[in-house]
Amino acid sequence: MLRISLFIPLLFLFVQTQAQSNLNFGIYVGANVQQLSFNEFDETVYSSIEAELQPGFNLGIQTTWKIFDPLHLSLKPAISFEAFEATFTESQVPQRRKIEQVNILVPLQLEYHFSQKKHHPFLLMGWTNLFDLDQEDNDISLVKNTYSTGQVGMGFNFTTKHFRFYPELIYQASLGNIANPTFNSISNISNSGLLLRLNFSGL
């Protein structure tokens, strides 16, 4: 919790910074749904594993660099609160398990803007590194405490006299196997989901 309390004032200090040249700064909030996929597991231990969609949310800061029109590059570090839930059936007895996570996200995002008008759509693709802060508190760690995801999506830019507002809808999926290697009975896990992000930044 100390890391979280340090993150919040950093967010507000960051937003107050005024940029020169082609850089601008902002904040965002996001909501997501995601689901684990258990691709390989020991069938002598589990007869089935069924995962469920789970909601989460995140809060972050961002720096956007206008490389040249129409390409923008954004760094969007954030703190996220997420959960995984699944039903594990052992010896015909189903057991529900839920793991809550507090993560640090470090997304890097490339945007292609179709116009320089005040209101216009854009496409995006990106890469996020995830670091789980609370894995040591979980009774069972199904996934690695750090892994990467890829994102593709689209957004729409609205520019006012004082700030920019641009929502983004993003599909994201883990890159490679995220199963914790110390959990022997499950050897391959992936996750995927949708993310809605609301961004606010300076002009």
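Going highest first, how would you order 170-176, 181-187 by mean Cβ packing within 10 Å? Can you show the working numbers first?
On the way: 170-176: 16.4, 181-187: 12.4.
Result, highest mean first: 170-176, 181-187.
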Just want the ordering: Glu82, Glu52, from fewest to most Cβ atoms lying within 10 Å of their own Cβ. Glu52, Glu82
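Taking neighbour Cβ counts within 10 Å as the exposure measure, how do His119, His162, His72 sort from fewest upward?
His162, His119, His72
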Ranking Phe183, Gln172, Gln34 by how far each Cα lies towards the positive end of the charge dipole of the chain (+1 on Lys and Arg Cβ, -1 on Asp and Glu Cβ), the top one is Gln172
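Let me spell out the model: positive unit charges on the Cβ of Lys and Arg, negative unit charges on the Cβ of Asp and Glu, origin at the Cα centre of region 2-201. What dipole size does that give, in debye rounded to 20?
Numbers: 12 positive and 17 negative charges, 266 e Å.
The dipole magnitude comes to about 1280 debye.
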Return a single number: how many Lys pairs in region 2-201, at a sequence separation of 8 or more or on separate chains, have alpha-carbon atoms below 18 angstrom apart. 6
Taking the chain, how much of its Cα-Cα pair set, in percent, is spaced more than 31 angstrom apart? 27 percent
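With charges only on Cβ, +1 for K and R and -1 for D and E, what is the dipole size of region 65-142 about its Cα centre, in debye, rounded to 20?
On the way: 7 positive and 11 negative charges, 134 e Å.
Using only the charged Cβ atoms, the result is roughly 640 debye.
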Quick one: among Asn177, Asn39, Asn145, which has the greatest mean-square fluctuation in a GNM of the chain with alpha-carbon springs under 10 angstrom? Asn39
His120 versus Thr182: modelled label distance in nm, points set 7 Å from Cα along the beta carbon direction: 5.0 nm
Which one of Tyr147, Tyr46, Tyr166 has the biggest mean-square fluctuation once the chain is modelled by GNM with Cα springs under 10 Å? Tyr46
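The numbers here are math on the coordinates, done by the rules we state, and not lab data. Only a predicted model underlies this, so the values are computations on that prediction, with no experimental measurement involved. Neighbour counts run over all protein chains shown; Cβ positions are idealised from the backbone, glycine included.
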